[in-house]
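Down below is the structure, laid out as structure tokens.
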Amino acid sequence: MIESKRVIRQRYRLSTYLTLLKWAYNWILHLLARVLLGGRNLRPFLHRLRGVKISKGVFIGDDVYLDEDFPEAVEIHEGVVIGPRCTIIAHTRGAGRIVIEKDVAIAAGCMIVCGPGQTLTIGEGSVVSAGSTVSHSIPPFTLCGGPRLKAYGRVSVPFTFNTSYQDFKRGLLPIRRGHREQR
């Protein structure tokens, strides 16, 4: 009987309702950010309202899932391009932290997952190819790809909105055989 009174008291506490309101607010903003137009302005703005740290000049594609439980654990720097249907999750049985540095390009369908207490960093100017799964940090200016992530080359010209594909392709440098980074 005493336990049921405790449950009833907790049900009517103001903090319980505030938690539910915060969850509903976050869920609605996240849903709107996934389906509305405006990859350069509206989607980043809605994610900022949710608590994601997003700098200027970021493009977020259609149906991008940014962590719903810990949005404050995701940090996106200037000039980042995130392709459609990417998933960025900053928790797996506990909160981690994901930092996407300046001028990173993440192609369509990538999944970026961080473990508890881990800080996963995608280095400045890196490019992650389509359909890749990232669970470890990526060094700056690296082209990574494949379902099982590995480095394919060094990036000397970041792949941003101001860079043509031909310039980016000409700027790729091979990784020497003895220094190949495998993840």
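Descriptive notes on the structure:
- Note on segment 42-58: residues that are assigned to a loop (DSSP other than H, G, I, E, B) and more than 23 Å from Glu124 (Cβ to Cβ) amount to 1.
- Candidates in segment 33-50 are the residues that are in contact (Cβ under 8 Å) with a residue 24 or more places away in the chain and touching a Pro at 6+ places or on another chain (Cβ under 9 Å); of these, the one that is nearest to Gly79 (Cα to Cα) is His47.
- Among residues of segment 59-83, those that are part of a loop (DSSP other than H, G, I, E, B), buried (at least 17 other Cβ atoms within 10 Å of the Cβ) and out of contact with any strand residue (DSSP E or B) (no Cβ under 8 Å at 6 or more places or on another chain), counted: 1
- Of the residues examined, Gly39 is not one that is of a type in the set (Gly, Ala, Ser), touching a Ser or Thr at 6+ places or on another chain (Cβ under 9 Å) and farther than 22 Å from His91 by Cα.
- Scanning segment 84-108 for residues that are surrounded by fewer than 19 Cβ atoms within 10 Å (Cβ to Cβ), in a loop (DSSP other than H, G, I, E, B) and modelled with pLDDT of 95 or more returns Pro84, Arg85, Lys102, Ala108.
- The set of residues in segment 128-180 being hydrophobic (A, V, I, L, M, F, W, C), at pLDDT 90 or above and part of a loop (DSSP other than H, G, I, E, B) consists of Ala130, Phe141, Val157.
- Failed item, numbered, when Gly153 is tested on (1) among the small types (Gly, Ala, Ser); (2) surrounded by 16 or more Cβ atoms within 10 Å (Cβ to Cβ); (3) within 17 Å of the chain's Cα centre (by Cα): (3)
- Selection status of Lys56, exposed (fewer than 12 other Cβ atoms within 10 Å of the Cβ), of a type in the set (Lys, Arg) and either at pLDDT below 85 or farther than 24 Å from Ile76 by Cβ (or both): no
- Verdict on Cys144 being crowded, with 21+ Cβ neighbours inside 10 Å, over 17 Å from Ile89 (Cβ atoms) and either in contact (Cβ under 8 Å) with a residue 12 or more places away in the chain or of a type in the set (Ser, Thr, Tyr) (or both): yes
The values are calculated or read from the model by the stated rules, or taken from the named source; none is laboratory data. Being a predicted model, the structure only gives us computed values, none of them experimental. Here the Cβ is made from the backbone with ideal geometry for all residues, glycine too, and neighbour counts use every protein chain on show.
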